[in-house]
Amino acid sequence: IPPPEVQVQPQVQPQNTISAVSNVKPENPVFAKTQAAAPVEAPKATGPAIVPGVIDFNVPGCKPEYPRASLRNEETGTVVLSVLIGADGSVADVKIDKSSGFRGLDNAVRTQLMSGACKNKPGTVDGKPQQTWTKVQYVWKLD
C-alpha cells in the first residue's frame, strides 16, 4: 500500500522592515522623585505579658526513675507534655501531647510530675505568679 500523499503548505515569514526613519532626538523626560512612605509603628500589645512556668528535671528528686520493664526491653524515646503549673509551683495537671511510643515511659514522667517531688518555678502574668500551662519534653535514653 503506497503512503498517502500529504501536501505541506510553505510558511510565509513576515519581513521585518523599518517603515519610517526620523532624525529628531526624543526629549529627556523629567521624572518626579517619589517620597518614601512614613514608617508605620507596630501596634503595642494590649494583652497581659504571660511567662510560662519552668520544670527542671535536673533538680534532685525531679528526675523520673526508668521503668524496669522499659530497661529490660531497651525502650527509649522523647515524651512531649503540657503541664499546668500552679501559682505555688505545684503541678495541677499533665497531658501527654506526643508519646515516646512506650506507655511505661510516658506514665513514668507523668506520675513523677504529679507526685509533687519537683520544685517548679511558677509562671507569671504581668509579673505576678499565676497558674499557667507550659510545654516540656523528657528524653529517655539508656546510659
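Of the residues Ile85, Ile96, only one is surrounded by 13 or more Cβ atoms within 10 Å (Cβ to Cβ), free of Cβ contacts under 8 Å to residues at least 40 places away in the same chain, β-branched (Val, Ile, Thr) and within 29 Å of Ile50 (Cα to Cα); which?
Going through Ile85, Ile96 in turn, the sole match is Ile96.
Suppose we keep only residues that are within 25 Å of Thr134 (Cβ to Cβ) and not small (Gly, Ala, Ser) within segment 68-83. Which one would you say is nearest to the chain's Cα centre (by Cα)?
Looking at the filtered set, the residue picked out is Val80.
If you check Arg72, Arg103, which single one turns out to be surrounded by 13 or more Cβ atoms within 10 Å (Cβ to Cβ) and charged (D, E, K, R)?
Arg103
Report yes if Asp106 is outside any loop (DSSP other than H, G, I, E, B) and farther than 28 Å from Ala49 by Cβ, otherwise no.
Answer is yes for this residue.
Any residue in segment 118-137 that is surrounded by fewer than 18 Cβ atoms within 10 Å (Cβ to Cβ), in contact with a helix residue (DSSP H, G or I) (Cβ under 6 Å, 6 or more places away or on another chain) and not β-branched (Val, Ile, Thr)?
no
I need a count of the residues in segment 66-88 that are in contact with a helix residue (DSSP H, G or I) (Cβ under 7 Å, 6 or more places away or on another chain) and in a loop (DSSP other than H, G, I, E, B).
2
Any residue in segment 62-72 that is basic (Lys, Arg) and over 24 Å from Asp143 (Cβ atoms)?
Within segment 62-72, not a single residue is basic (Lys, Arg) and over 24 Å from Asp143 (Cβ atoms).
No value in this document is a laboratory result; all are computed from the given coordinates. Nothing here was measured: the structure is a model prediction, and the numbers come from that model. Positions of Cβ are backbone-derived with ideal geometry, glycine not excepted, and every protein chain shown enters the neighbour counts.
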